[in-house]
Amino acid sequence: MGGDSSVEVADGEIPEETAGPYPGDGSNGPNVLGESGVVRSDLTASFGGPTGVASGVPVTVRLKVYDLDGEDATVLEGAAIYLWHCDAEGRYSMYDDGVADENYLRGVQEADAKGMVEFTTIFPACYAGRWPHMHFEVYPSLAEATSSENKLRTSQLAIPDATCQEVYGVVDGYESSVSTFAGVSLDTDGIFSDGYSLQLAKVAGSATDGYTFNLSVPV
C-alpha cells in the first residue's frame, strides 16, 4: 500500500502519505473526481445512479486547511479536500466485492473563508493490517480537484484509541473490527508508526450520539 512521493513536506506540515490501493482519484483505476455530484458534504449515500447507503455510527469530519510558511499561517480559502474511507465492514466503494458498483464514503468540499471543510459520514472499520483511519487529498481549488496529478498533499487522519474502543465490539455492524483492532497499534501501523501527532483527530461525542472529528491540515 506504500509508495514513494516526490512531495516536499516542511516541518510542521501534515505528513505526505500513500493514497493506498483504493483512492478513486484516477491514479489506480476509477476516478470519482470527474463525476457530477462528487462535490457534497454528506458522504453516506452513493450518487449518480448507485443507490447504496453506508450504515454506521455517524461522524462529522471538520478539516481546516492552511498554508504553513514558517511561523505564519494563511488559511486556504477556495482550496478543495477529497475525503474517502472504508465502510463499517472494511470495504472501499468502487473497488471491493459487494460495493464495487457503489461510490459512497467519497466526496469533495471547498474550503470556506476560514479554510474549513465539513463532511457527514460514518465511523470506518478496522481492517487487517491498518489502524482505523480516513484518507484525504488537498487540491488548490475545486476546478483542479479532478485528477490526482493536481493534488498538493495526500495524507491520512488517525482515529484515537479510546474512540475506537468505544465503537468496536459495542455497536452492531462493527463485529469484524474487534479482532483486527486488537492486533494493531498506532506504533506498529505501517503509516502512522513514524509519527502521528499531526494526524490524530480531536474527537468529541459518543458511540450513541455520534462523533465530531477535528483536524488541522497545514500544507
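Could you list, bin by bin from short to long, the percent of Cα-Cα pairs of segment 154-198 in 5 Å steps?
Result returned by the calculation: 5, 20, 27, 24, 15, 9, 1.
So what's the Cα pair-distance distribution over segment 45-85, bin width 10 Å, in %?
The calculated distribution, bin by bin, is 19, 34, 26, 16, 5.
Taking the beta-carbon count within 10 Å as an exposure proxy, list 8, 166 from fewest neighbours to most. Each step should come with its number before you reach the end.
Details: 8 7, 166 19.
Arranged by neighbour count, lowest to highest, 8, 166 become 8, 166.
Answer rounded, prolate or oblate for segment 1-142, using the Cα gyration tensor with square roots of eigenvalues a ≥ b ≥ c: rounded when a/c is under 1.5, else prolate when a/b is larger than b/c, else oblate. Intermediate values should be presented prior to the final figure.
Numbers: a/c = 1.77, a/b = 1.45, b/c = 1.22.
Prolate.
On the principal axes of its Cα set, how long, how wide and how thick is segment 133-219? Give whole Å, largest value first.
Result, largest extent first: 42, 30, 22 Å.
Counting DSSP beta bridges with both partners in the chain, what percentage is antiparallel, nearest 5?
Antiparallel: roughly 75 percent of the beta bridges in the chain.
Students often check this: by mean Cβ neighbours within 10 Å, which of 97-110, 191-204 ranks highest, and how do the rest follow? Intermediate results must be reported in sequence, preceding the final value.
On the way: 97-110: 20.0, 191-204: 15.3.
For the peptides 97-110, 191-204, the packing ranking is 97-110, 191-204.
Counting other C-beta atoms within 10 Å, which of 213, 136 has the fewest, and how do the rest follow? Mind dumping the intermediate values first?
Values: 213 24, 136 27.
With the fewest neighbours first, 213, 136 line up as 213, 136.
Give the average over all directions of the projected area of the C-alpha convex hull of segment 69-175, one decimal, in nm².
Numbers: hull surface 34.8 nm².
Mean shadow area of the hull around the Cα atoms is 8.7 nm².
What share of Cα pairs, in percent, lie more than 21 angstrom apart in segment 32-218?
Values: 8561 of 17391 pairs.
In whole percent, the long-distance tail amounts to 49.
So the label point goes 7 Å from the Cα of residue 176 along Cα→C-beta, right? Which residues of segment 47-87 then have their backbone N under 17 Å from it?
Within reach of a label on residue 176: 52-57, 85-87.
Every number in this text was worked out from the coordinates using simple rules, so none of it is lab data. Quick caveat, the model's predicted, so the values are computed rather than measured. Because the Cβ atoms are built from the backbone with ideal geometry, glycine has one as well, and the counts that use them run over all protein chains shown.
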